[in-house]
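Just so you know, all these numbers are worked out from the coordinates, no wet-lab data involved. Here the structure is a predicted model, which means the values were calculated and not measured. Every residue, glycine as well, gets a Cβ built from its backbone with ideal geometry; the counts of neighbours run over all protein chains shown.
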Amino acid sequence: MIGVYDFCGHYDWTFEWLRAQGGEALLRRYWDEAIHRDSQRHASRLIAERGFAGMAEYWGHTLAHEGAGYHTTAAEGVFRIDMHQCPSKGFLIRNKLGAYHDYCDHCMGWIGPMLRQAGFAVDHEHNHRGQCWWEIRRSNDAAAPAEPGTLPGEQDVRQRPDWKPPGAGLDVYRHSNHPDDKAPGAT
């Protein structure tokens, strides 16, 4: 059996291998079928049945178990995750691994379809450095995401001095459920 951190390296390698074998479409199919519809069925069921409370239960347990540096915020009609230190991407960075060009996209690749199926959409940004934020709302709620600085600074990952270092790009998603739905101009 391999440990959770070793798993991240194998995961990254698998993403690139699948892309090389069948392109981005095959990889996206893998994220949806193997992760969303298979290994994370428990998350799909919990969120479909319990909505925001299911999100708090699932991510509260999972992110704590993985040793993530994160903060969650639940408010009327929205669930937010601010990831300050993704253990998975952090492992890849520390170990100079990076077989697949955008490892962070796998989260939207399985979480997006899962949330769409449960009636939710996502506003999300990631900086390719193990930091991201997610705001999840009902699909019929077109509210804009919170502006930077509206959450206390230690909670809002966008308030970090290293959120967007010079020359770094962000992948931006607005009211989305698919890894290819990046906002125009996202880098």
> What order do you get for 9-15, 121-127 when each peptide is scored by the mean count of other beta carbon atoms within 10 Å, highest first?
Replying inline: 121-127, 9-15
> Given [x] 8, 28, 24, 10, 7, 7, 7, 6, 3, 0; [y] 9, 37, 41, 13, 0; [z] 9, 35, 36, 17, 4 as candidate values of P(r) over Cα pairs in 10 Å bins from 0, in percent, which corresponds to the one derived from the coordinates?
Replying inline: [y]
>> How big is the dipole moment of the range 4-176 about its Cα centre under a simple scheme where the beta carbon of each Lys and Arg is +1, that of each Asp and Glu is -1, and everything else is neutral? Debye, nearest 20, please.
In response: 160 debye
> Length gain on complete extension for the stretch Asp141 to Arg94, per 0.36 nm per residue less the alpha carbon to alpha carbon distance?
Replying inline: 13.1 nm
> At Asp162 and Ala183, where each label point lies 7 Å from the Cα along Cα→Cβ, what is the point-to-point distance in nanometres?
Replying inline: 2.4 nm
> Want the number for Gln21 to Gln155: 0.36 nm per residue separation, take away the alpha-carbon distance, what's left?
Replying inline: 44.2 nm
>> List the lysines whose Cα sits under 25 Å from the Cα of Lys182, skipping any in the same chain fewer than 8 residues away.
In response: Lys89, Lys164
> Once Lys and Arg get +1 and Asp and Glu get -1 on their Cβ, which of Leu97, Trp163, Ala75 lies farthest toward the positive end of the dipole of the range 4-176?
Replying inline: Leu97
> With charges only on Cβ, +1 for K and R and -1 for D and E, what is the dipole size of the range 51-122 about its Cα centre, in debye, rounded to 20?
Replying inline: 220 debye
